[in-house]
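These notes concern the structure reproduced below.
FYI, it's all coordinate maths here, none of it is from the lab. The shown structure was predicted, so the numbers you read here are calculated from the model rather than taken from an experiment. Counting neighbours? That spans all protein chains shown, and the Cβs are built from the backbone with ideal geometry, glycine included.
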Amino acid sequence: MKKNERCYICGAPDALSYFEGRSETISVKGMERRVDNLSGWECEVCGDGFWDPDTDSADRYGEAGDELVLAARKMIGTEMKRIRRKLHLTQKETVQLLSGGGHNAFSRYERGEVLPPKALMLLMRLLDRYPHLLADTKVLGEGADLRGAFTYTVNNKPETLKAS
Ligand SMILES: [Zn+2]
């Protein structure tokens, strides 16, 4: 048993104590990863702490968290794909209609490479619940995106003042 030390985070004397053999479960969106045999220091006063750098606790805990992030992105990607197919839209149409941006943005969302913006997820879920709103979405989306809405004309003639 290592003896308590002053907490270097909050300064409380003898508050930093060592723990080992701890098991923690990280969860997100109903998915869980259990990490066993963790050791480190934690403060009884401020609750802060750190993993024992002489063990692989930090690495294993970090890996479990990364795995969960990937799994959660994949789950959301699968959901986006399911809704898009239900609405009979291609990835390109979905981007043009709902989000704008690069043409392969949606395939990256569906593959779980990138988390879609919250507003886009919300729109997709709304259309999942109320698919008849897709027609309204198409109408309301007209002119909502200024990108591509500009036209450019070269004026060869100098502008003449109109005499009135
Ligand atoms: Zn502390």
Where q = 0.13, 0.15, 0.20, 0.21 Å⁻¹, what log10 of I(q)/I(0) comes from the Debye formula for region 1-155, counting one point per Cα? -0.74, -0.84, -1.17, -1.25
Going through LYS86/LYS138; LYS29/LYS74; LYS29/LYS138 one by one, the pairs whose alpha carbons sit over 20 Å apart turn out to be LYS29/LYS138
Subtracting the Cα-Cα distance from 0.36 nm times the residue separation, let me have the gained length for TYR130 to GLU142 in nm, one decimal. 2.3 nm
Label points 7 Å out from Cα along the Cβ direction at VAL154 and ASP48: separation in nm? 6.3 nm
At a threshold of 8 angstrom on Cα-Cα distance, excluding pairs fewer than six apart, so keeping six or more, what relative contact order does the chain reach in percent? 13 percent
Can you tell me the relative contact order of region 1-55? Whole percent, Cα pairs under 8 Å, sequence separation 6 or more. 29 percent
FRET E, pair MET31, TYR8, Förster distance 22 Å, beta-carbon r, rounded to 0.05: 0.05
To the nearest 10 degrees, how steeply does helix 57-86 sit against the main Cα axis of the chain, on a 0 to 90 scale? 30 degrees
Range of Cα positions in region 1-55 per principal axis (Å), largest first: 39, 22, 15
All aspartates and glutamates inside 20 Å of LYS3 as judged from Cα atoms, apart from same-chain residues fewer than 8 positions distant: ASP14, GLU20, GLU42, GLU44, ASP48, ASP52, ASP54
Which of the trypsin sites (Lys or Arg not before Pro) found in region 1-99 are loop residues per DSSP with 15 or fewer other Cβ atoms within 10 Å of their Cβ? LYS2, LYS3, ARG6, LYS29
At most 11 other Cβ atoms within 10 Å and a DSSP loop assignment: could you name the GluC sites (Glu not before Pro) in region 93-159 that fit? GLU142, GLU159
For region 74-141: Kirkwood Rh in Å [reciprocal of mean 1/r, alpha carbons]: 11.7 Å
